[in-house]
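One structure below.
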Amino acid sequence: MEAIVAISTPPGYGGIGIIRMSGKDSFKIVDKIFEPKDKKRNKVEGYKMKYGKIFDSNGKYVDEVLVTYFVSPKSFTTENMCEINSHGGPIIVKRILELCIENGARLAEPGEFTKLAFLNGRIDLAQAEAIIDMINAKTKKEQEASMRQLEGELSKKINEIKELIMEKMVDIEASIDYPEYDIEEITRDSLKEMLEKVQLKLKEIERNFDNGKLIKDGLKMAIIGRPNAGKSSLLNALLNEERAIVTEYEGTTRDTIEEYIVIEGIPIKVIDTAGIRSKTEDKIEEIGIEKAKKIAKDADLIIYIIDSSKKLEEEDREIFKILENKKMIIVLNKQDLKQEILSENVEIKNINKPIIKLSALKKEGIDELYSQISKLFKLGEINIDDSITITNQRHREIIKNVIKKAKESIDSIDNKLPVDIISIPIKQILDELGKITGTTASDEIINEIFKKFCLGK
């Protein structure tokens, strides 16, 4: 087949739908189904859009469209490409897709357009991964980090490191090929200096992964407390909408409710859980309580909410023991009612966790809670403008492995091993770094990456 085709817009109804096609025969296929308004200008010009109508093989009118042409090599895939902009009804879009296939195109696989861009040298593998990260970005900060990687910031840094190594590989080869010139000792010293530089550069990149993970994955924040303490009311206040059911009856929440908020550009998954108490005859509530305890164990942050209009009970003390080693903020809720528990309470102060007073019902004190969360995780200090921020676990594992191999090479130099032995892990370093940009990535890795893409991208 000489052309691939797919719908590039999301499923469902919309103002427009886009059918994308790439390949040697893409213009020929479009010519079979598209009749431009201006019939005099039949020459295809890149970056030009034509208005006209789509017809089926029987000459039946299907839709009026705009067709954009991208002439090789100046296209996303570097091949001839066209995009048909139709009305956004799913029946219309699907029908135009079928007509393209009937006239010789093949349905594209997920991510195949981006894979072609990679295979044809327009982008490298790190940039391809940045595209899927940008599509899936949950916050502006994550989108900006992905855009920097798409622009080649990470690839540029990796290629600079590879060039440093390649320069010294020449010395290694010379030392091995011409041992009579006694340049091995000089080669050792320069190799060690180079490897130490490589280590420093890679450690600097790896250090930013924690920030990158926060930007991409965010934090998991669980709201924990006894029944009727105000957990669901707090979730509603954080979201500024009535997301969870709130009643005066205990045990209303049986299962978890998960939603996202954004603080300082970082996504926070907020999980409202069932109220924890030691005794219940309701089997469904019991399952919810066990689930709440498991979520509390896995969460990055616990918001432990207490009804401050009631006295502390033994169940509160038991929950404190369960959560004592977790990062936690204590929320004294229902400040709009007469207070039985004050922030000066000795038992609460002895837990040595931040304490926030608020009224979830009246949405008072929410900003102070946001501020405390930001302070705990230093969210305001995360800056993607001054350094390369890696958000991809695959990249981090490769970089960690390279740092380890660089240390092994330095140890080999210190132990006076022959240069040809020292060169083995150094060549492995080059191979590992090539897996980030794709020059040495296996077909299995490449295929696995592009499986994550949606159809039409």
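By counting other Cβ atoms within 10 Å of each Cβ, how are Ser8, Ser75, Ser26 ranked from fewest to most?
Final ranking by Cβ density, sparse to dense: Ser8, Ser75, Ser26.
Principal axis lengths of segment 348-452 from Cα atoms, whole Å, largest first?
For segment 348-452, the Cα spread along each principal axis is 71, 40, 27 Å.
From the phi angles alone, apply the Karplus equation (6.51, -1.76, 1.60; θ = phi - 60°) to segment 26-39 and give each ³J(HN,Hα) in whole Hz, x where the residue is Gly or Pro.
Each residue of segment 26-39 in turn: 4, 5, 5, 5, 4, 4, 6, 10, 10, 10, x, 4, 8, 6 Hz.
Dipole of segment 219-381, Cα-centred, from +1 at each Lys and Arg C-beta and -1 at each Asp and Glu C-beta, to the nearest 20 debye?
Here segment 219-381 has a charge dipole of around 400 debye.
Residue farthest toward the positive end of the dipole of the chain, with Cβ of Lys/Arg at +1 and Asp/Glu at -1: which of Ile390, Ile7, Phe113?
Checking the options against the dipole of the chain, the answer is Ile7.
Please list, ordered by chain and number, the residues whose modelled amide H lies under 5 Å from the amide H of Gly46; skip anything fewer than 5 residues away on the same chain.
Here the answer is Val71, since their amide H atoms fall under 5 Å of that of Gly46.
Hey, fewest Cβ within 10 Å first, where do His87, His395 land in order?
Fewest to most other Cβ atoms nearby, the residues stand as His87, His395.
Using the Karplus curve 6.51 cos²θ - 1.76 cosθ + 1.60 with θ = phi - 60°, work out ³J(HN,Hα) for each residue of segment 128-135 in order, rounded to whole Hz, and write x for Gly and Pro.
Per residue, the Karplus-derived 3J(HN,Hα) values read 4, 5, 5, 5, 5, 5, 5, 4 Hz.
Residue by residue, what Karplus-based ³J(HN,Hα) values in Hz, rounded to whole numbers, does segment 290-296 have, using 6.51, -1.76 and 1.60 with θ = phi - 60° and x for Gly and Pro?
Each residue of segment 290-296 in turn: 5, 5, 4, 5, 5, 4, 4 Hz.
Work out the charge dipole of segment 4-108 with +1 on the Cβ of Lys and Arg and -1 on the Cβ of Asp and Glu about the Cα centre, then indicate which of Val67, Ile18, Asn85 is farthest towards its positive end.
Among Val67, Ile18, Asn85, the one farthest towards the positive end of the dipole of segment 4-108 is Val67.
From the Cα gyration tensor of the chain, with a ≥ b ≥ c the square roots of its eigenvalues, which class applies: rounded if a/c is under 1.5, or else prolate if a/b is larger than b/c, or else oblate?
It comes out oblate by the Cα gyration axes.
When a/c reaches 1.5 or more, the comparison of a/b and b/c decides; with that in mind, is segment 27-66 rounded, prolate or oblate per its Cα gyration tensor?
Prolate is the answer for segment 27-66, as a/c is 1.5 or above and a/b outweighs b/c.
Counting residues in segment 219-381 as N, plug N into 2.2 N^0.38 Å and put the Cα Rg over that result.
Against the empirical 2.2 N^0.38 Å value, I get 0.95 for segment 219-381.
Can you put Thr9, Thr114 in order, fewest other beta carbons within 10 Å first?
So the residues, fewest neighbours to most, are Thr9, Thr114.
Taking amide H atoms as placed 1.01 Å from N in the peptide plane, list the residues 5 or more away in sequence, or in a different chain, whose amide H sits under 5 Å from that of Val65.
Gly52, Lys53, Ile54
About the Cα centre of the chain, how large is the charge dipole given +1 on each Lys and Arg Cβ and -1 on each Asp and Glu Cβ? Please answer in debye to the nearest 20.
The dipole magnitude comes to about 1500 debye.
Could you work out the pair-distance distribution P(r) of segment 4-108 from its alpha-carbon pairs, with 5 angstrom bin width and percents rounded to whole numbers?
Bin by bin from 0 Å, the calculated values are 2, 14, 26, 26, 21, 9, 2, 0.
Each reported figure results from applying straightforward, stated rules to the coordinates on display, with no laboratory input. On a predicted model such as this, the values are computed, not experimentally measured, just so you know. Cβ coordinates were reconstructed from backbone atoms using ideal geometry, including for glycine residues, and neighbour counts include every protein chain displayed.
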